[in-house]
Amino acid sequence: MEINLKVAEAPTRENRLGSISGYSGTLRDAAQKAGCGGLGNRERCFNQASLCNAGCAQGMVCGILDAAVVNHAPVGCTVDAIGASVVRKYLGMMLGFEPRNAQFVGTNLNENDTVFGASAKLRAAVIETYRRYHPNAIFVSTSCVSGVIGEDIKSVIEDLKPEIPIPVIPLFCEGFKSKIWATGFDMAWHALLTGIVKPPQKKTNVINFINFFGSEKRQITELFAKFGVEPLFLPAGTTVDQLSRMSESIATVSICGTLGTYLGNGLEKQYGVPYVQTLRPHGITGFEEWLRGIGKVIGKETDVENYIAQERARVLPELEKVKQKLHGIKAVVGMGPGYTFNFIRVLQELGVETIWASAWHFDPKYDKGLVVEDLDYLVKNLPADIPFSVSDQQNFELMNVLNTLKPDIYFSRHQGTTVWALKRGTASVCVMDEYTAFGYNGTLNFASMILDAVTNRSLANNIAQRTKLPYTEWWLNQPNTTFLKKAEV
Amino acid sequence: MAKHIKQIAIYGKGGIGKSTTTSNLSAALSKAGYKVMQFGCDPKSDSTNTLRGGKYIPTVLDTLREENVVKAHEVIFEGFNGVYCVESGGPAPGVGCAGRGIITAVQLFKQQKVFEELDLDFVIYDVLGDVVCGGFAVPIREGIAEHVFTVSSSDFMALYAANNLFKGIQKYSNSGGALLGGVIANSVNAPYAREIIDDFVKLTNTKVVEYIPRSVTVTQSELQGKTTIEAFPDSPQAKIYTSLAYKIAQHTDSKSPSPMDVKELREWAAKWADLLLSYENGELRVEAHGNI
C-alpha cells in the first residue's frame, strides 16, 4: 500500500507492508517468501508479551522540544508519560537542552465518558495544555477506549482552530490496531507529514537524520561538516519549526530502516527529498556504503572516497588485532528487524558467527516497495544461511533458543532483554545505543566490547548460579516453534 | 483531474425502508448509466440483499476477523446491473461494538483508495437506524459522505428519529461533515401523510426529495430477492424510484438542518394529532358512537 497523506491515519504495518510477528525458518527462506508474496504470519496460541504501538508513537513526538501531547485515554495509558519524561531528561542532559519532563497530558477517560462521549473533556484538555505550556504544536493521541467509543478527534480539533493558533494534530495509535509496535512510528511520522511539515520555501544543506536519541550528534556533525552538510537529528531535540522545514533538506537518512521508512519515503514522495536507502552505517561495510550513498546524493563522491581511504588506513590495522581474538565466537542476536540484520553483518565482519537470528517483527519490504537492504545483503553475502525466527519479543522462545544453542554471547537492544540471557549464564551485550558500531571508531569499540563480554563472564556465571529460572524442563526441551500456529498466507 | 465521486449517506429510523429505498436507488442509478457502490453499514448486513438475488455477501468485518489483513477487493461483490455491493458487517446482537465495527470497515476502504480505482460515480452508505454512538456517525463525519438523506414516514417516531439525526448533522456541519440533502418520504399513502412531512421539513429547514408510497410491488420484488427496478422495471413504483435517482443525481446543494428541540417537537406533534382528529371528524365520531 502506498503512503497516502490525504487520509488522517496511516495504515498499520500489517496492512501496509504485510509485516508479520510470527515466523520460524531461515533468513534466506524469509527473504525469498517476502519477495514472492508467500510470507504468511504465524499466530501464537500462547503469548507472553507484547507492546502497544502508542508507546512508540508518543515516544517519537515527546522528544520534540516545543510540542505537547494530549493523550485521550484512561489514566493507565497515560502512564507512558513516565517513560517519556525519563527519556526526555536523559536526552536533555546528553544533548544539551533543558532536562525537564515531557509535556504529556491525559484526559483521564472514565466510565461516564465511555457512555456519553468525551469531546468536551478533550477540548478542555487541549485548551488547558496550550494555556499552561504554550507549545508550538499539540499532538492528540488516541487510545483503545477513545477508539472503541468512536470519539471524533478530528471534529474536536477542527472546532478548536479559531481558539488555538498552533497546529493541533491527531495521532492515531490505538493499541488494538496493530501487533507490531513499529506501527506507532509510522503513525507519528504520518502526524508530522500531515500536520507539521510545510512545502519547501528553499533548499538547504541539511540532512534529515531520523534516529532515536542522537548520542553521536557531535561526531556526526563534524563528519558531515567535511562534506558541507549539516545533520538535523530528529525527532528528539528538534523544534516544531525545524521539523516544518524537513521538506527543504537535501536528503534524509535513517539510523534504522524499520524506524525511518515511512518518514523518509513520505518526504521523498511528497517533497522530493531523496531518501538515502543503503545499508545502515554500522560496521565498516555498512558505514562505507552509507557514506557513499550520501556522497552521491550531495555530489561529494570524491571527498567521501578520500575520507574513507584515510579512515581505513587509521582504523583497520587496529581492528584486525581485535578481530583475531574474536574468531570462533558464536552469537545469537535478538533485536528489531532493522538492527538484527544490521548487526549480523557487523558481527560477521568481526569474525563472530551468528547461529540464530531473532527479530521482534519482520517487514518483508519497506515503503515504496523497496527491499530491506540489510537483509538483502545478508542473503547475498553470508557464507551460510542462518536460522531465523520472528518472535514478537516472546522471552520464553528466546530462552528456549539460548538453552538449546548455548551461544558464547547474546546481543539485544531493548531494556531488560539481556537480563534473562544473563540469568541463564549467557554472556550478553545490550546494544542499547543506536550508534554502537557506528563508523570506524564505533566498530572498533564494539569489537572491544564483545571481547570484554566473552573474556570476563563472571557476571553471567555468578547470576546464573544464584538464579532459578521459571521455565520448566519440559519447555526447554521443546522446539521453539511449539506455540506457533500454521502460517496464514 | 480526478472525477468527483458523490458520496451519500442514507439514514432513518430502523425498519422505515432505508435499505429498500437505497437498493432501488442504487439499481436505478446504475440503469441510468452510473457506476455505483452500495456500502451497507448495519451488523445485520442485509442492505445489499436485493441486489444480490436475496443472498448475503461476506462482510468486511467477518473477513477481517478470519484473515487479519483484508484487501478491499476481496469484499466487493457485483450485484444487479454491476452495482458494487459491500457490507461492513458487525457483531451478533448483544455483544461487541457495532459502532467500532463501522469505523474499522469504513477506514479500511478509505486507506486503500478503492473508490478511485473502480471509477465510481456514487458511493451510497446505508446506515443503521438509530445513531446511538460515535461509530454510526462516521459516514457523516468529514471526509466520507457529503450529502445525507433521511428516509422517514409520517409516523411520529420516524420523524423524531429524523429530527435527532438532524441534530447530529448540525453538530458536524461546522467541521466539514455531511450536510442534509433532504427527506425521502416513505410509505406515504394516507392523504395527511404528505402534509405532515411537508410541515416537518418546512420547520426544520429542509425539503422532501421524493414521496414514495407503500406498494405491494416492493414486497413482491423483495420476496423474489430483487429490487423493484429489477423485478418490475415498468411499474409505477419503479418509475418513482427512477425519479428519486434522477433527483439525487442532480442534487448539489445540501445544507445544515434546523432540528426542533424536544418540547417544540412534542408540541408540533400534538398540534397534528388534534388536526388529524378533526380531519377524520365524521368517521371517527360514528365509530366512537358504535363502540359506546
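Return the long-range amide H neighbours of A:GLY336 (sequence gap of 5 or more, or a different chain), with a cut-off of under 5 Å between placed amide H atoms.
Residues meeting the criterion, in which the H sits 1.01 Å from N, are A:TRP360.
Could you list A:TYR271, B:TYR192 so that the one with the fewest beta carbons within 10 Å of its beta carbon is first and the one with the most is last?
Values: A:TYR271 17, B:TYR192 14.
Exposure proxy ranking, most exposed first: B:TYR192, A:TYR271.
From Cα pairs below 8 angstrom and at least 6 apart in sequence, can you work out the relative contact order of region A:317-488, rounded to a whole percent? Please list the in-between numbers first.
Numbers: 254 pairs, mean separation 38.5, N = 172.
Once divided by the residue count of region A:317-488, the mean separation gives 22 percent.
At what distance in nm do the modelled label points of B:SER278 and A:LYS226 sit from each other, each positioned 7 Å from its Cα along Cα→Cβ?
In this crude spin-label approximation the distance works out to 9.7 nm.
Mind listing the long-range amide H neighbours of B:ASP126? Cut-off is under 5 Å, sequence gap 5 or more, other chains count too, H placed in the peptide plane at 1.01 Å from N.
Here the answer is B:ILE10, B:PHE39, B:GLY40, B:CYS41, since their amide H atoms fall under 5 Å of that of B:ASP126.
Which of the aspartates and glutamates could be linked to A:LYS406 by a straight reach, that is with a Cα gap under 20 Å, when you skip same-chain ones fewer than 8 residues away?
Within the straight-line cut-off, A:LYS406 pairs with A:GLU353, A:ASP385, A:GLU397, A:ASP452, A:GLU473.
How far is helix B:262-279 tilted off the main Cα axis of chain B, in degrees rounded to 10, range 0 to 90?
Roughly 50 degrees, rounded to the nearest 10.
Measure nothing fancy, just the Cα-based angle from helix B:281-291's long axis to the longest principal axis of chain B, in degrees from 0 to 90, nearest 10.
80 degrees
Which of B:GLY177, B:GLY225, B:GLY143 moves the most in a Gaussian network model of chain B with Cα springs under 10 Å?
Residue with maximal mean-square fluctuation among B:GLY177, B:GLY225, B:GLY143: B:GLY143.
In the neighborhood of B:GLU230, defined by Cβ-to-Cβ distances under 12 Å, what is the net charge if each Lys or Arg adds +1 and each Asp or Glu adds -1?
Working: positive: B:LYS31, B:ARG52, B:LYS226; negative: B:GLU222, B:ASP234.
Summing Lys/Arg as +1 and Asp/Glu as -1 gives +1.
Given an 8 Å cut-off on Cα distances and at least 6 residues of separation, report the relative contact order of chain A as a percent.
On the way: 963 pairs, mean separation 92.7, N = 489.
With pairs under 8 Å counted, the relative contact order is 19 percent.
Pick from B:ARG214, B:ARG141, B:ARG266: which residue has the top mean-square fluctuation in a GNM of chain B where Cα pairs under 10 Å get a spring?
For chain B, modelled as a Gaussian network with Cα springs under 10 Å, the answer is B:ARG266.
Report, in degrees rounded to the nearest 10, the 0 to 90 angle that the Cα long axis of helix B:156-173 makes with the longest principal axis of chain B.
Result, in degrees: 50.
Over chain B, with a Gaussian network built from C-alpha contacts below 10 Å, which listed residue (B:LYS31, B:LYS71, B:LYS13) shows the highest mean-square fluctuation?
With Cα springs under 10 Å in chain B, the top fluctuation among B:LYS31, B:LYS71, B:LYS13 is at B:LYS71.
Considering only the other residues whose Cβ falls under 13 Å of the Cβ of A:GLU434, what net charge follows from Lys and Arg at +1 and Asp and Glu at -1? Display every interim value, and only then the final one.
Details: positive: A:LYS217, A:ARG280, A:ARG413; negative: A:GLU216, A:ASP433.
Net local charge, A:GLU434 excluded: +1.
Can you list residues whose amide H is under 5 Å from A:LEU171's amide H, if they're 5+ apart or on another chain and H is modeled 1.01 Å from N?
Those qualifying (amide H under 5 Å, at least 5 residues apart or on another chain) are A:VAL140, A:SER141, A:THR142.
Fully extended, how many nm does the chain gain between A:ARG292 and A:ARG132 (0.36 nm per residue separation, minus their Cα-Cα distance)? Don't jump to the answer; show the numbers that get you there.
Working: separation 160, 0.36 × 160 = 57.60 nm, distance 4.66 nm.
Between A:ARG292 and A:ARG132, full extension yields an extra 52.9 nm.
For chain B, report the convex hull volume of the alpha-carbon atoms normalised per residue, in Å³, without decimals. Working shown, then result.
On the way: hull volume 43.5 nm³, N = 292.
Cα-based convex hull of chain B, divided per residue, equals 149 Å³.
Which links in A:LYS154/B:LYS44; B:LYS207/B:LYS239; A:LYS485/B:LYS113; A:LYS89/A:LYS300; A:LYS154/B:LYS18 stretch past 30 Å when you go from one Cα to the other? Numbers along the way, then the final one.
Details: A:LYS154/B:LYS44 28 Å; B:LYS207/B:LYS239 20 Å; A:LYS485/B:LYS113 32 Å; A:LYS89/A:LYS300 37 Å; A:LYS154/B:LYS18 28 Å.
Exceeds cut-off: A:LYS485/B:LYS113; A:LYS89/A:LYS300.
With a 10 Å Cβ neighbour count serving as the proxy for reagent exposure, in which order, fewest first, do A:LYS203, B:LYS44 appear?
With the fewest neighbours first, A:LYS203, B:LYS44 line up as A:LYS203, B:LYS44.
Modelled label-to-label distance, B:TYR34 and A:GLU488, 7 Å Cα→beta-carbon offset: nm?
Reported label-point gap for B:TYR34 and A:GLU488 is 3.6 nm.
Tell me, what is the FRET efficiency for A:THR239 and A:PHE176 to the nearest 0.05, using R0 = 25 angstrom and their Cβ-Cβ distance as r?
Details: r = 33 Å, r/R0 = 1.32.
My answer for the efficiency is 0.15.
When Cβ neighbours within 10 Å are restricted to other protein chains, what is their mean count per residue of peptide B:171-183? All intermediate terms of the calculation are to be shown ahead of the outcome.
On the way: counts 4, 3, 0, 3, 8, 3, 4, 0, 0, 0, 0, 0, 0.
Average per residue, whole number: 2.
Mind listing the phi-derived Karplus ³J(HN,Hα) values for region A:467-479, rounded to whole Hz, using 6.51, -1.76 and 1.60 with θ = phi - 60°, and x for any glycine or proline?
Result, ordered by residue: 10, 9, 6, x, 8, 7, 4, 3, 5, 5, 9, 7, x Hz.
Over the Cα atoms, compute the radius of gyration (one decimal) and Dmax (the largest Cα-Cα distance, rounded to a whole number) for chain A, in Å.
22.7, 70
Report relative contact order for region B:6-260 in percent, whole number only (criteria: Cα-Cα under 8 Å, sequence separation at least 6).
Rounded, it is 25 percent for region B:6-260.
Once you've got the Cα coordinates, tell me which of A:LYS217/B:LYS110; A:LYS296/A:LYS321; A:LYS330/A:LYS468 are over 28 Å apart.
Details: A:LYS217/B:LYS110 40 Å; A:LYS296/A:LYS321 32 Å; A:LYS330/A:LYS468 25 Å.
In this structure, A:LYS217/B:LYS110; A:LYS296/A:LYS321 exceed 28 Å between Cα atoms.
Could you size up the charge dipole of chain A around its Cα centre, putting +1 on the beta carbon of Lys and Arg and -1 on that of Asp and Glu, and report it in debye to the nearest 20?
Details: 49 positive and 48 negative charges, 127 e Å.
For this selection, approximately 620 debye.
Which value, in Å³ per residue, describes the convex hull spanned by the Cα atoms of region A:317-488?
On the way: hull volume 22.1 nm³, N = 172.
Dividing the Cα hull volume of region A:317-488 by its residues yields 129 Å³.
Pop the C-beta distance of A:THR204 and B:ASN174 into the FRET formula with R0 = 60 Å and round what comes out to the nearest 0.05. It would help to have the intermediate numbers written out before the result.
Working: r = 39 Å, r/R0 = 0.65.
Computed FRET efficiency for A:THR204 and B:ASN174 comes out at 0.95.
7 Å from Cα along Cα→Cβ at both A:LYS380 and B:VAL262: what's the point-to-point distance in nm?
For A:LYS380 paired with B:VAL262, the spin-label model returns 7.1 nm.
We did not get these values from a lab; they are worked out from the coordinates using the rules stated. Quick caveat, the model's predicted, so the values are computed rather than measured. Quick reminder, even Gly has a Cβ in these numbers, built from the backbone with ideal geometry, and neighbours come from all protein chains shown.
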